[in-house]
Amino acid sequence: MPLLAEMEMNGVLLDRALLNEMSSSIGADMLRLETEIYNAVGHDFNINSSQQLATVLFAELGLQSGRKTQSGYSTDATVLEALADAHPVIKFILEYRQLSKLKSTYTDALPMLVNPRTGRIHTSFNQTGTTTGRLSSSEPNLQNIPIRGELGSKIRQAIIAQPGWLLLSADYSQIDLRALAHISQDAELIATFQRDEDVHTHTASEVFGVPDSEVTPKMRRAAKTINFGVIYGMSGYGLQQATDLTREEAELFISTYFSRYPGIKSYIEDTKKQAAKLGYVQTVLGRRRYIPEINSTNRLAREAAERMAINMPVQGTSADIIKIAMVELHRQMIKRDMKTRMTLQVHDELVFEVLPGELEAIKQLVQDIMPNAMKLIVPLKIDIKVGKNWGDMS
Amino acid sequence: MSKEKPLLILFDGNALVHRAFHALPPLTITRTGEMVNAVQGFASTLLKLLRDNKPDYWAIAFDRRAPTFRHQMFEDYKAQRPKTPQELVTQIDRVHELSEAFNLPVFEMDGYEADDIIGTLSRQASARGVDTLIVTGDNDMLQVVSPDIKVMSPRRGFADTVTYDEAAVQQKYGLSPVQLISYKALIGDASDNIPGIRGIGDKTAVKLLQQFGDLERIYSHIEEVTPERLRVLLSENREQAMRNRQLAAIVTDVPVPFNIETCTVSAYDRNKVVELFRELGFSSLLARLPNEIGAEPSAAPKSTAIKENYRVVSTSAELDDLALRLTYAGTFALSVVPGGDNAMLSSLVGIAISPAKGEAYYIPLGHETLSQVEQLPQSKVLAVLKPFIEQEKYAKIAYDAKFDIILLAQNGLKLQNVSYDNLIAAYLIGEKSLKLQSIAFNKLGIEIPSLSDLTGSGAKQTPLARFPVDRVGELACTDADVTCRLKESLE
């Protein structure tokens, strides 16, 4: 807690010139897209109004409308993505929306959050905002900057170190799946991590029955989806939605997955049973979460509670691990009287603003502490990167 | 409804609970897991009506489990209905409890449905010159709509409602309220398992009724019905149609003893409702609970439920006394009053400290309005408090300590050894609402006002520094006191 207060007070420095430049370039791109959209449709309208957009798409262009909302037909991303091939304008609209979101939440908004006294932005870390025990952050929420894509990485480039200093990022690799391996004691998953193999590639090889070397990117993608999805109670339907598998393929895929990873299957079953009996689930450290809805007769409530029950011990354990590491790192940094400061925690990643003379020392500290924060049956692994900003690091 | 005439509100208990149960997201009592979404929907609707419609009379009707005359008339009546889920049964019981606490008269009678009781009561009210608003989740009631009787139904998330008068019924169905009985007799009602006449759908039924008026007249002019196919259909199924009509018609002469005066909206036992809300975990509804029924909820901040030994520290001598007190106490709770919402940018308005249950001190630091009280210079106060705030040997109890740490740090004080944070504790034990007011209510059973009641929120917010020392002081002392008390009860 004192550490989080300190991190908030530390804040991060912003490259305002870069953000300004991005805002104008995104603005220009949006104007260009606007023209494309108007040309494709044949007239001007307000793209930001979902009502006007619905009229254009469904009434004028005669595209297939989907769900109805309070104010008319839905034009949300899922609906539009399904229509992507039906009309060229859809692609432009999706792109326009994405840019508009980035501009309003980041490139325009971040500079306004700069504290006039410190010249930095001080995100607020919330310990009580999630159901699993992860931290959440707000004003700004730096945890949901898009990871992929050129623009997401460019926004990260705008988070910089003070002149002459460096940023160091230390990122746990597959921490949730390692926690799952520990909790479920699944032999196959444990072995994968002990051999230090790529977990998604290996899952793909198990499930598709081909050697690791013959796993195609498509297979690996499907395996990745299921690795992350199944422990959150993803169904065959969910997998089908998330991949381009058919329903039958998805069902088969899941059942094969469980036959290859029987420990995970029994973890899921046992956890549901335990939760129903006790009314709570807990992390490896014993931090509990009460889920009385697990015995609800309302199917939706019960299923949501079951997903929570499966998910919380895994994600909660990861959250505990990174918190332990943070507290220990903080203690050691104070002990060594270091000038380097911890500034951000985003999911499984810690960011430090580093005095160049202390780079080797902090690297060593991070390498010593983070992988040893909790003793799991599988090794914990981190990736360390250094750079002048949060976007370009190596 | 003209406001000169008195107003009676009639609740259809079963229909409302049913509707709310399916319409509202699941909500359970944290500890026990008991489902209470519909109870909350009901309580919220009741409070809203009380505030907005200011009824003179009110009552609630429930179905009984015993079979009704409809079951005797028609074996399959409601036969398709699945067994009522346990979560609905318990919620209906809860609504009974709630009605009792609100002094809301309950009507129920073996052999009749809530609909019939409501139909009867509303007719009787009309006869006495009283307007009625029926609150139900069920469109069956629409047939009793008249110039004196309206029906209100919740929509979607229950926050929104729709009210039907005669014109609205006409617009929705193309029929008058009373014609709905014949309409239902013709097309049936799947939800009650009343089969309609095969081959007659919505459009045909409406057309027939618009032409002839009602079922009796359709049959008395049966030779005028065209085409022939329809005439044959109707003739062959006459008995069924007549039986349906009887099933569909709401009875308006149930032998229920009713004296409108006994339904007068009258004083209620607020504490009983508060206790029940606490048990149900409805802390969010508390603010909407009027002090007296029939009166407006007071706009002024509630008086604290705990009147204790709270003092303002405004002289050097008092500050020295406090320092001595803290030296002996060793542990104390604190509540820091900020100038704004952002701890990084806020000034210090004051600090409240509670070394023991029921004992709290408020030290004003940045008040701009000086009512009768003097403020000591901020630098002097902070210099005296510094050792207590910074030294490890004094354990501090806080609510959202991170905020206090940051705010104090901006003023040169390093808050150390926070041994207990009620916000985190409440989160860890799975409390749903983490506001200090809610935790205090749910864990200690005391209602405390919030600083934001004073300042307002959003654009209309007035900074706390502009309020007089004694008012902010009392609230801050309450916060500190409650923070101190909560540690015991959360541990």
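The values are calculated or read from the model by the stated rules, or taken from the named source; none is laboratory data. This one's a predicted model, so the numbers in the text were calculated from it and none came from an experiment. Note that we place each Cβ from the backbone using ideal geometry, even for glycine, and neighbour counts take in every protein chain shown.
Computed values, structure above
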quantity	calculated
Per-region count, region A:278-323, residues away from chain B (no Cβ under 13 Å) and part of a loop (DSSP other than H, G, I, E, B)	1
Count - residues of region B:356-367 that are without any contact (Cβ under 8 Å) to a residue 40 or more places away in the chain and part of a strand (DSSP E or B)	0
Positions within region B:242-266 being small (Gly, Ala, Ser) and assigned to a helix (DSSP H, G or I), in sequence order	B:248
Test: residue in region B:383-391 that is crowded, with 17+ Cβ neighbours inside 10 Å, in contact with a helix residue (DSSP H, G or I) (Cβ under 8 Å, 6 or more places away or on another chain) and assigned to a loop (DSSP other than H, G, I, E, B)	no
Residue satisfying condition, being more than 14 Å from every other protein chain (Cβ to nearest Cβ) and under 26 Å from the mean Cα position of the chain (by Cα), within set A:37, A:26	A:26
Any hit, region B:417-436, residues being away from chain A (no Cβ under 12 Å), under 26 Å from residue B:389 (Cβ atoms) and touching a helix residue (DSSP H, G or I) at 6+ places or on another chain (Cβ under 7 Å)	yes
Conditions (1) away from every other protein chain (no Cβ under 14 Å); (2) surrounded by fewer than 21 Cβ atoms within 10 Å (Cβ to Cβ); number of the one not met by residue A:137	(1)
Qualifying residues in region B:437-450 (those that are out of contact with any Gly (no Cβ under 8 Å at 6 or more places or on another chain) and outside any loop (DSSP other than H, G, I, E, B)) - the one farthest from the other protein chains (Cβ to nearest Cβ)	B:444
Residue within region B:2-10 that is small (Gly, Ala, Ser), outside the structural domain of residue B:275 (by TED's automatic domain parsing) and surrounded by fewer than 23 Cβ atoms within 10 Å (Cβ to Cβ) present	yes
Flag if residue A:258 is crowded, with 21+ Cβ neighbours inside 10 Å, under 30 Å from residue A:209 (Cα atoms) and either within 11 Å of chain B (Cβ to nearest Cβ) or more than 23 Å from the chain's Cα centre (by Cα) (or both)	no
Condition broken by residue A:300, with the remaining ones in (1) buried (at least 16 other Cβ atoms within 10 Å of the Cβ); (2) within 29 Å of residue B:86 (Cβ to Cβ); (3) without any contact (Cβ under 8 Å) to a residue 40 or more places away in the chain satisfied	(1)
Candidates B:433, B:379 - the one that is outside the structural domain of residue B:281 (by TED's automatic domain parsing), in a loop (DSSP other than H, G, I, E, B), over 20 Å from residue B:345 (Cβ atoms) and not hydrophobic (A, V, I, L, M, F, W, C)	B:433
Candidates A:339, A:381 - the one that is free of Cβ contacts under 8 Å to residues at least 60 places away in the same chain and surrounded by fewer than 16 Cβ atoms within 10 Å (Cβ to Cβ)	A:339
Region B:319-344, subset touching a residue at least 60 places away in the same chain (Cβ under 8 Å) and in a loop (DSSP other than H, G, I, E, B), residue nearest to the other protein chains (Cβ to nearest Cβ)	B:344
Subset of region B:102-132 that is of a type outside the set (Phe, Trp, Tyr) and under 17 Å from residue B:43 (Cα atoms) - its residue that is surrounded by the most Cβ atoms within 10 Å (Cβ to Cβ)	B:104
Residues being assigned to a loop (DSSP other than H, G, I, E, B), within 14 Å of chain A (Cβ to nearest Cβ) and not charged (D, E, K, R) - total across region B:77-99	3
Pair list, Cβ < 8 Å and 6+ apart or interchain, from region B:467-489 residues that are among the small types (Gly, Ala, Ser) to residues that are in a helix (DSSP H, G or I) and surrounded by fewer than 23 Cβ atoms within 10 Å (Cβ to Cβ)	B:476/B:451; B:489/B:443; B:489/B:444
Which listed residue, of A:33, A:80, is under 27 Å from residue A:151 (Cα atoms) and at pLDDT below 85	A:80
Some residue of region B:226-236 being β-branched (Val, Ile, Thr) and either outside the structural domain of residue B:119 (by TED's automatic domain parsing) or without any contact (Cβ under 8 Å) to a residue 40 or more places away in the chain (or both)	yes
All positions within region B:440-491 that are buried (at least 23 other Cβ atoms within 10 Å of the Cβ) and among the hydroxyl-bearing types (Ser, Thr, Tyr)	B:478, B:483
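For every residue, the table says whether it meets (1) over 21 Å from residue B:388 (Cα atoms); (2) modelled with pLDDT of 75 or more; (3) touching a Pro at 6+ places or on another chain (Cβ under 9 Å); (4) not assigned by TED's automatic domain parsing to the domain that holds residue B:264.
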| position | (1), (2), (3), (4) |
| --- | --- |
| B:304 | yes, no, yes, yes |
| B:314 | no, yes, yes, yes |
| B:317 | no, yes, no, yes |
| B:321 | no, yes, no, yes |
| B:334 | no, yes, no, yes |
